[in-house]
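Structure first, then comments.
The values are calculated or read from the model by the stated rules, or taken from the named source; none is laboratory data. Remember, predicted model here, so these are calculated numbers, not experimental data. So basically every Cβ, Gly included, is an ideal-geometry build from the backbone, and we count neighbours across all protein chains shown.
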Amino acid sequence: MCDILNVLMGRRSVRKYRKDPVPEELLEKILEAGLYAPTGMNRQQTIILKITDPDTVRSLGFINGRLMGSEGMDAFYGAPAVLAVLSPKDDPTAVEDGCSVIANMLNEAASLGLGSCWIHRGKKQFETPEGQEILRRAGIDPDAYLGIDNVIVGYADGPQPEAAPRKEGRIFSL
Ligand SMILES: Cc1cc2nc3c(=O)[nH]c(=O)nc-3n(C[C@H](O)[C@H](O)[C@H](O)COP(=O)(O)O)c2cc1C
């Protein structure tokens, strides 16, 4: 049995990537980890849009950057792949399930030696006309799905960042 705590403690957000694409078989493992995440009442309705087409990754990264007020910034930090997570708008645990899927994928990426980072503004990015067009191209109905957030993945360009010390006083017991 591998000690998953080592993976959880070793995972760091990576914000600088090499251009090399992520091999498809590794992306498949990350996606599989997402599919095995717990979901409310095991509904398994959260979906993942895997984007590796460079032009589409970059345009979504720039849309996301614009939404954070940084026009012209690629909010995906040059990562070669993004896994965008969406849930049906009418799912009562849409956001929770999406976050569960994201966490699994981040940790699987770390276990495979890949860099990754959770990127926010998934809801807003798929409310833009350009974001909605990306969904339509993938066969996803933008009226039916809520963007949750994104996982960017790639090979880290540079050393692994240090973990911030953990804040005290966050565990309570009875
Ligand atoms: C809900 C959520 C949203 C986040 N959004 C972003 C983001 O938009 N851009 C970014 O660079 N990092 C983002 N992060 C990553 C956090 O900044 C990062 O997890 C935190 O600084 C701790 O660093 P670590 O992941 O290396 O432990 C997000 C993390 C979470 C959980």
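Per-structure values
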read-out: Evaluation of residue 89 against (1) surrounded by 13 or more Cβ atoms within 10 Å (Cβ to Cβ); (2) in contact with a Phe, Trp or Tyr (Cβ under 9 Å, 6 or more places away or on another chain) (one fails), failing number; value: (1)
read-out: Some residue of region 99-110 being modelled with pLDDT of 95 or more and assigned to a strand (DSSP E or B); value: no
read-out: Conditions (1) away from the ligand (no atom under 14 Å from the Cβ); (2) touching a Cys at 6+ places or on another chain (Cβ under 8 Å); number of the one not met by residue 152; value: (1)
read-out: Residue check, residue 131 part of a loop (DSSP other than H, G, I, E, B) and either within 15 Å of the ligand (Cβ to nearest atom) or crowded, with 17+ Cβ neighbours inside 10 Å (or both); value: no
read-out: Number of the exception - residue 43 against (1) within 14 Å of the ligand (Cβ to nearest atom); (2) touching a residue at least 24 places away in the same chain (Cβ under 8 Å); value: (1)
read-out: Filtered residue count, region 75-94, keeping only those that are part of a loop (DSSP other than H, G, I, E, B) and more than 11 Å from the ligand (Cβ to nearest atom); value: 7
read-out: Scan of region 89-148 for residues that are out of contact with any Leu (no Cβ under 6 Å at 6 or more places or on another chain) and among the hydroxyl-bearing types (Ser, Thr, Tyr), ordered by number; value: 93, 100, 111, 128
read-out: Among (1) within 16 Å of the ligand (Cβ to nearest atom); (2) under 26 Å from residue 158 (Cβ atoms); (3) among the charged types (D, E, K, R) - the single one residue 97 does not satisfy; value: (2)
read-out: Residue selected from region 146-165 under the condition of a type in the set (A, V, I, L, M, F, W, C) and not in a loop (DSSP other than H, G, I, E, B), by the criterion nearest to the chain's Cα centre (by Cα); value: 151
read-out: Selected residue [more than 18 Å from residue 17 (Cβ to Cβ), over 19 Å from the mean Cα position of the chain (by Cα) and not aromatic (Phe, Trp, Tyr)] from 127, 168; value: 168
read-out: Scope region 108-125; condition more than 14 Å from the ligand (Cβ to nearest atom) and free of Cβ contacts under 8 Å to residues at least 60 places away in the same chain; matching residues; value: 113
read-out: Selection within region 2-24 - near the ligand (Cβ under 10 Å from one of its atoms), closer than 13 Å to residue 110 by Cβ and assigned to a loop (DSSP other than H, G, I, E, B); value: 11, 12, 14
read-out: Pairs where the first residue, in region 14-34, is closer than 23 Å to residue 47 by Cβ and touching a residue at least 12 places away in the same chain (Cβ under 8 Å) and the second is part of a helix (DSSP H, G or I) and of a type in the set (Gly, Ala, Ser), C-beta under 8 Å, 6+ apart; value: 30/109
